[in-house]
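Below: the structure, in structure tokens.
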Amino acid sequence: MTSLLTLISNGKKDHFMKGDAVVVGRGDLKNLKGYMEKVEDIVHVKPEMEDLPKTLSFNENELCKCFKLGDHVKVVSGMQEGATIFVVKLDGYMLIIVSDTKKEYVSIFMCQKVF
């Protein structure tokens, strides 16, 4: 089973941790994937692309956590707050999830800060 991740959302702080997979949600580097290296007022990301510098700096509101099929995720705000769910489909910035308890499918934004 994959590790338990946390879905980011508006109004929540400290949702990024070192090692988290992220994607840039806007700007010139939109869709760039990488991994969190350091989290301060500005977050530092190690890009997956080898041609880029070792780390790049971003504001938190420019990034979204990146999920894979089968990830076990805990929702931290919104209508599904507190629910633990499995990611069953990815559609751009939308996650199609199934609730552990209710066994129903729900669509949620991967990153509400970008939209």
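A few points about this structure:
- Among the candidates Lys33, Lys38, residue that is modelled with pLDDT of 90 or more and either over 15 Å from the mean Cα position of the chain (by Cα) or within 23 Å of Thr101 (Cβ to Cβ) (or both): Lys38
- Looking across segment 10-56, the residues that are among the basic types (Lys, Arg) and either more than 23 Å from Asp91 (Cα to Cα) or loosely packed, with under 10 Cβ neighbours inside 10 Å (or both) come down to Lys12, Lys13, Lys18, Lys38, Lys46, Lys54.
- Looking across segment 71-81, just one residue is modelled with pLDDT of 80 or more and over 21 Å from Asn31 (Cα atoms), and that is His72.
- Selection status of Lys103, modelled with pLDDT of 75 or more and assigned to a loop (DSSP other than H, G, I, E, B): yes
- If you go through segment 53-88 and pick out every residue that is in contact (Cβ under 8 Å) with a residue 12 or more places away in the chain and under 19 Å from Phe16 (Cβ atoms), you end up with 23.
- When restricted to residues that are within 12 Å of Cys66 (Cβ to Cβ) and out of contact with any Asp or Glu (no Cβ under 8 Å at 6 or more places or on another chain), segment 33-51 contains 1.
- The set of residues from segment 57-82 being crowded, with 17+ Cβ neighbours inside 10 Å and hydrophobic (A, V, I, L, M, F, W, C) comprises Phe58, Leu63, Cys64, Cys66, Phe67, Val73, Val75.
The values are calculated or read from the model by the stated rules, or taken from the named source; none is laboratory data. Since the structure is predicted, the reported quantities are computational estimates derived from the model, not experimental observations. Note: ideal-geometry Cβ built from the backbone for every residue, glycine included; neighbour counts use all protein chains shown.
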